[in-house]
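Only one structure is covered here, and it is reproduced in the block below.
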């Protein structure tokens, strides 16, 4: 696959990631930025919705307890989910597997090592997010200036300007994260294609322990999001009752 | 009360309340820009309108969905100021008084309870009807979220300070706790689905497609034992997660060795 097509694919994914990331803080908050939505969307774009679903399930559960409270900024799950999905699909394709035919179990196995490689990238995305927020301070200062009339000026058109000024924050949120996602998807996609081409697919059984463990860890992190002592008991009882019912019904 | 068109404009702009989020004034610009259509209707006089806008061009930080009742209540109080039956300081004081409390309620209900619950419902759906999972999550979550935003705004505009009592009758903190128990129960079900559909079928290693519906078991009690093992391991990870260990460290300490062992042993 030529460098130019890597570039165009990474550019599209960067733009899509940037737009989805707006939902995280800047606009709407209708949760299309959550991994369970953004990862399958990226998977659809790159030709493997199942891989996207696997990434979405894992990251949604892993970071379920990570919430924006006060000035604390959680991990940029949107950027991470888009990057992990794109990198996983690049790896699967380069191994000679058909990304559209891959099953969920195999996808979990592939995603586990890719996740380990992509996790450090979350720090870059957080820095991009922080940078956006620092840029937005200028907008508030402009709003204050617009409300303070110059000598002799009667500024009666303040009200439309405030909303447009506010919306400029969307651009400040968009471009740093979109650029970061573009760069990382390009680099990691290149590395994934190289490793897939050279070493090939190790096989579902070899990746099984890692895939199984990452699923269990994700389950535990999701449980910690709702954790109270009673919730732990409810979880355990619910799981065992489900298994018992299955045994009885079968 | 302001017109329906005015309420709709405020409602629309409330979706962008965090567009210019900054560390200094946080949602300050978003809040005042959402409020301005209402202030345009309330004040015909330019200087009074500008004065009102300046009152709210300040620090503001709360849960984005819970901004709606505060916006509505402030609009109601500004109408009282126009009618000379209220003071100019009442709106900013109410805004300041409610932002912390509603931020906490919003975080506890939406982020800590409703979002995980809807996400887990979506995950269950993924295992059975695949790509519908994300749509189920979006539908369940946004029904509640948009209802809160719209009704909160309308109640605030109609009731003013009375919106506090109105919202209190819904007792969101109690529903948040109930939601967490339902999430925990659903997670238990998810753990069994993972055993049935992901962990057990991968005993067929040569297939490149997950044998999602074929169960290669010799005893019908095997899934029960597998589920018990999974529950114990999950609770163990939960305990580790409650220690000062980040998700990233846990991943590297557990999954990386598993990956190395898998590649070497199989």
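Need one value for A:107-117: mean number of C-beta atoms belonging to other chains within 10 Å of its residues' C-beta atoms.
Mean partner shielding for this stretch: 3.
For Cα pairs less than 8 Å apart in space and 6+ apart in sequence, what is the mean separation divided by the residue count of chain A, i.e. the relative contact order in percent?
Relative contact order here is 29 percent.
Does a label point 7 Å from the Cα of residue A:144, set along Cα-to-beta-carbon, have any residues of the range B:32-49 with amide nitrogen under 19 Å, and which are they?
In the range B:32-49, the label zone of residue A:144 (backbone N under 19 Å from the point 7 Å along Cα→Cβ) covers B:32-34.
Between residue A:237 and residue B:3, what's the calculated FRET efficiency when r is the beta-carbon distance and R0 is 56 Å? Round to 0.05.
That pair, residue A:237 with residue B:3, gives E of 0.55.
Could you tell me the largest-minus-smallest coordinate of the C-alpha atoms of the range B:16-136 on each of the three principal axes, in descending order and whole angstroms?
Projected onto the principal axes, the Cα atoms of the range B:16-136 cover 60, 28, 25 Å.
Got a sec? How would A:134, A:76, B:63 order by Cβ neighbour count within 10 Å, fewest to most?
Final ranking by Cβ density, sparse to dense: A:134, B:63, A:76.
Would you please classify the overall shape of the range A:162-250 from the alpha carbon gyration tensor, given that a ≥ b ≥ c denote the square roots of the eigenvalues, rounded means a/c under 1.5, and beyond that prolate means a/b larger than b/c while oblate covers the rest?
oblate
Rank B:251, B:138, B:228 by mean-square fluctuation in a GNM of chain B with C-alpha springs under 10 angstrom and give only the top-ranked residue.
B:251
Taking only the alpha-carbon atoms of the range B:15-71, what semi-axes of the equivalent ellipsoid follow from 5 times the gyration tensor eigenvalues under a square root, in whole Å, largest first?
21, 12, 8
Which order do A:132, B:130, A:94, B:47 fall in if you start with the one that has the fewest other Cβ atoms within 10 Å?
Final ranking by Cβ density, sparse to dense: B:47, B:130, A:94, A:132.
Take the Cα gyration tensor of chain B, multiply each eigenvalue by 5, square-root it, and list the three semi-axes largest first, rounded to whole angstrom.
After diagonalising the Cα gyration tensor, the semi-axes are 51, 19, 16 Å.
Normalise the Cα radius of gyration of the range A:1-133 by 2.2 N^0.38 Å (N = residues in it) and let me know the number.
1.02
Could you state the angle between the C-alpha long axis of helix A:35-46 and the longest principal axis of the C-alpha atoms of chain A, as a value from 0 to 90 degrees rounded to the nearest 10?
80 degrees
Please give the length that would be gained between residue B:158 and residue B:96 if that part of the chain were fully extended, namely 0.36 nm times their separation in residues minus their C-alpha to C-alpha distance (nm, one decimal).
Net length gain for the segment: 20.3 nm.
How large is the Kirkwood hydrodynamic radius of chain A, in angstrom, based on all distinct alpha carbon pairs?
Kirkwood hydrodynamic radius for chain A: 20.0 Å.
Mean projection of the alpha-carbon convex hull of the protein assembly as shown over all orientations, in nm²?
Result: 25.3 nm².
Just want to confirm a number: the relative contact order over chain B, from Cα pairs under 8 angstrom separated by 6+ residues, in percent.
16 percent
Between A:202, A:113, A:176, where does the largest GNM mean-square fluctuation fall for chain A, given springs only between Cα atoms within less than 10 Å?
A:202
Helix B:4-14 versus the longest principal axis of chain B: what angle, 0 to 90°, nearest 10, using Cα atoms?
50 degrees
Do the sum for the protein assembly as shown: with -39,500 (n - 2.57) for every DSSP H run of n ≥ 4, divided by all residues, what is the mean residue ellipticity at 222 nm, to the nearest 500 deg cm²/dmol?
Roughly -24500 deg cm²/dmol at 222 nm, from the helical runs in the protein assembly as shown.
Ordered by packing density, taken as the mean number of other Cβ atoms within 10 Å over each peptide's residues, highest first, how do B:182-193, A:51-62 rank?
A:51-62, B:182-193
Would you please give the FRET efficiency between residue A:130 and residue A:7, computed as 1/(1 + (r/R0)^6) with r the Cβ-Cβ distance and R0 = 41 Å, to the nearest 0.05?
0.90
Hey, what angle do you get for helix B:172-194 against the long axis of chain B, alpha-carbon based, 0 to 90 degrees rounded to 10?
With rounding to tens, the tilt is 20 degrees.
To the nearest whole number, what is the average tally of beta carbon atoms from other chains within 10 Å of the beta carbons of peptide B:106-119?
Mean shielding count: 4.
With a 10 Å Cβ neighbour count serving as the proxy for reagent exposure, in which order, fewest first, do A:144, B:22 appear?
A:144, B:22
Can you compute the modelled spin-label distance between residue B:248 and residue B:165, with each label point 7 Å from Cα toward Cβ, in nm?
So the label points at residue B:248 and residue B:165 sit 5.1 nm apart.
Restricting the calculation to Cα positions, tell me the Rg (one decimal) and the Dmax (whole number) of the range A:14-71 in Å.
My reading of the Cα-based Rg and Dmax gives 11.7, 38 Å.
Once R0 is set to 22 Å, what does the formula 1/(1 + (r/R0)^6) return for the Cβ-Cβ distance between residue B:139 and residue B:174, expressed as a FRET efficiency to the nearest 0.05?
Efficiency, rounded to the nearest 0.05: 0.35.
Label the range A:86-217 by shape, choosing from rounded, prolate and oblate, from the square roots a ≥ b ≥ c of the eigenvalues of the Cα gyration tensor; if a/c is under 1.5 it is rounded, and otherwise prolate applies when a/b is larger than b/c, oblate when it is not.
It comes out prolate by the Cα gyration axes.
FYI, it's all coordinate maths here, none of it is from the lab. Note that the coordinates shown come from a computational prediction; the quantities given were computed from them, not determined experimentally. Cβ coordinates were reconstructed from backbone atoms using ideal geometry, including for glycine residues, and neighbour counts include every protein chain displayed.
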